[in-house]
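Comments concern the structure below.
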Amino acid sequence: MRTEKFFRAVDLVKTFEGIVALKHINIDVAQGEVVGLVGDNGAGKSTFVKLVSGVYRPDSGYFLINGKKFERLTISDCQQLGITIVHQESTTADKQTIWRNVFLGKELTYPLGFLKINEMKRRTAELLEGLGFVAERATSPDNVLRNLSGGFRQGIQLARALDFTANLAILDEPTVGLSLAESQIVLDFVSKIKEKGKSVILISHNIYHLYPVADRFVILDRGSKVGEFLKKDMTIDDMSRVLVSIARTGHFPKEFEDKNIDSNPIVRSTYD
Ligand SMILES: Nc1ncnc2c1ncn2[C@@H]1O[C@H](COP(=O)(O)OP(=O)(O)OP(=O)(O)O)[C@@H](O)[C@H]1O
Ligand SMILES: [Mg+2]
């Protein structure tokens, strides 16, 4: 089935003082799709996220978003394009209320600069409800973030990511350090984002977190993209085997090569 990829990162290269963090990487995402981005420590996952968010600019390569070409992206490009990013290093303000956090850095104001507090609270309440925030303490926009569990705190990050207009959320390791139950809350959020027809690029080391929610996987290894496949083509056990093999050899294993979208022109042409 052909799917329209509204977001494409094309041939991205990024080096840091001689270290090649990303080598000619292509990553794309279609509307309503969850792409799992996988790879060991140092694979280049967060570097990719930071190229999208404008923390870094690519050495070469570009982005094609809704058909428009960008040599680099900035925070305001992302806002305009409806791309929201939750970085691996969390940026919530734990002593602040939920509504403050949801609108952190993008507060709604009147022309004179006064905050539209009631509107922000109202929209936060709507967002929490829409996300299925049912735990008592989490439901009020006035609650302070540090009183919430880690899972709900991540949930607030995702609520920010969902924004009100966001189309694509990029989440860098949102389940790290969370308990089983908290991770499940975060993964349920990802499913809800998808249900709303929005797209997600989800980064995690834990394939047992990724596998149930993702539609497609992209594997990075030491800065290179080594494989890409659809969930429907691979069981979780096979995926686990593929990842172990890549960690050992740096290559997509031959026995699964027919599943690899990147190296299979027939799959690629029907898929692109
Ligand atoms: N600001 C920087 N300066 C120098 N080197 C960097 C910088 N940021 C990343 N790197 C290097 O680039 C490579 C990729 O790092 P990156 O953080 O993107 O990996 P990652 O896949 O996110 O790893 P992890 O799973 O540990 O989060 C690593 O070798 C890292 O040391
Ligand atoms: Mg990282």
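The numbers here are math on the coordinates, done by the rules we state, and not lab data. Please read these numbers as outputs of a predicted model, since none were measured by experiment. As a convention, Cβ positions derive from the backbone with ideal geometry for all residues, glycine included, and neighbour counts pool all protein chains shown.
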Subject >> Sites K254 and Q79 - FRET efficiency at Förster radius 51 Å, r taken between beta-carbons, to 0.05 >> reply: 0.70
**OP:** Any lysines with Cα under 25 Å of the K192 Cα? List them, leaving off those in the same chain fewer than 8 positions away.
**Re:** K5, K45, K50, K106, K121, K231, K232
Subject >> Reduced Cα scattering model of the chain, Debye log10 I(q)/I(0), q = 0.10, 0.14, 0.16 Å⁻¹ >> reply: -0.52, -0.99, -1.26
Subject >> Spatially proximal aspartates and glutamates relative to K194 (Cα-Cα < 14 Å; intrachain offsets below 8 disregarded) >> reply: E33, D163, D215
Original post:
If R0 is 22 Å, what FRET efficiency do you get for V176 and A93 from their C-beta distance, rounded to 0.05?
Top reply: 0.70
**OP:** Within 10 Å, count the other beta carbons around each residue, average over each peptide in 102-115, 55-68, 143-156, and list them highest first.
**Re:** 143-156, 55-68, 102-115
**OP:** Only helical DSSP H runs with n ≥ 4 go in: add -39500 (n - 2.57) per run for the chain, normalise by residue count and round the 222 nm mean residue ellipticity to 500 deg cm²/dmol.
**Re:** -10000 deg cm²/dmol
